[in-house]
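A short write-up of the structure that comes next.
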Amino acid sequence: MREREGMTKIVRVFSNAVFGFSLIFGFYVVLHGHLTPGGGFQGGAIMASAVALLIIAYGPGVAGKRIKKRALSTMESIGLLGFILLAIAGIASAMSVIFGNFLLDNPLKIFSNIPPQGPNPGFLNTAGTLPWMSLFVGLEVLAGISLIVMHMAKGLPGEIEGEKGGETK
């Protein structure tokens, strides 16, 4: 059984053109999730749809060579670890408010930057850790959904290369 080469040239050209735009738009949704509707999960799902589009256009064999599962797995681990560490740092900061003020005097001022009331005089970081948490969730969702789609596409008949039951020549 011969491995399918993917979809038609029209679909492949379209997916090449849309791939970059969907990654950029997904990244935009992740970064502006604290200001507009959206956030880490929605932006990660948009970016994962770009990966799914490549798998549809080129087939799982070619897309698997371009997008490494190890890189996606590492990205998923970084997203989860970053989210957990930021949550622990937030809990520690809240505990420092209750039991002492030693974490609020940090030089980064991540947890203690209180924006002024009224018109914003130009402070951009008024969301605290929300953009970082959204970024880590976006990485986690992008990698997780992409890995799920890649594993599901690998099980399609005639698309498994070198594994038992679907070996191609």
Within the range 1-23, considering residues that are surrounded by 13 or more Cβ atoms within 10 Å (Cβ to Cβ) and of a type in the set (A, V, I, L, M, F, W, C), the one modelled with the lowest pLDDT: M7
Residue, modelled with the highest pLDDT, within the range 111-130, restricted to residues that are assigned to a loop (DSSP other than H, G, I, E, B) and under 18 Å from G40 (Cα atoms): T129
Residue within the range 31-43 that is closer than 20 Å to M152 by Cα and either at pLDDT 85 or above or charged (D, E, K, R) (or both) present: no
Residue among M133, M95, M150 that is modelled with pLDDT of 60 or more, closer than 20 Å to L54 by Cβ and assigned to a helix (DSSP H, G or I): M150
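The values are calculated or read from the model by the stated rules, or taken from the named source; none is laboratory data. Everything numeric in this text was worked out from a predicted model, so none of it was measured. So basically every Cβ, Gly included, is an ideal-geometry build from the backbone, and we count neighbours across all protein chains shown.
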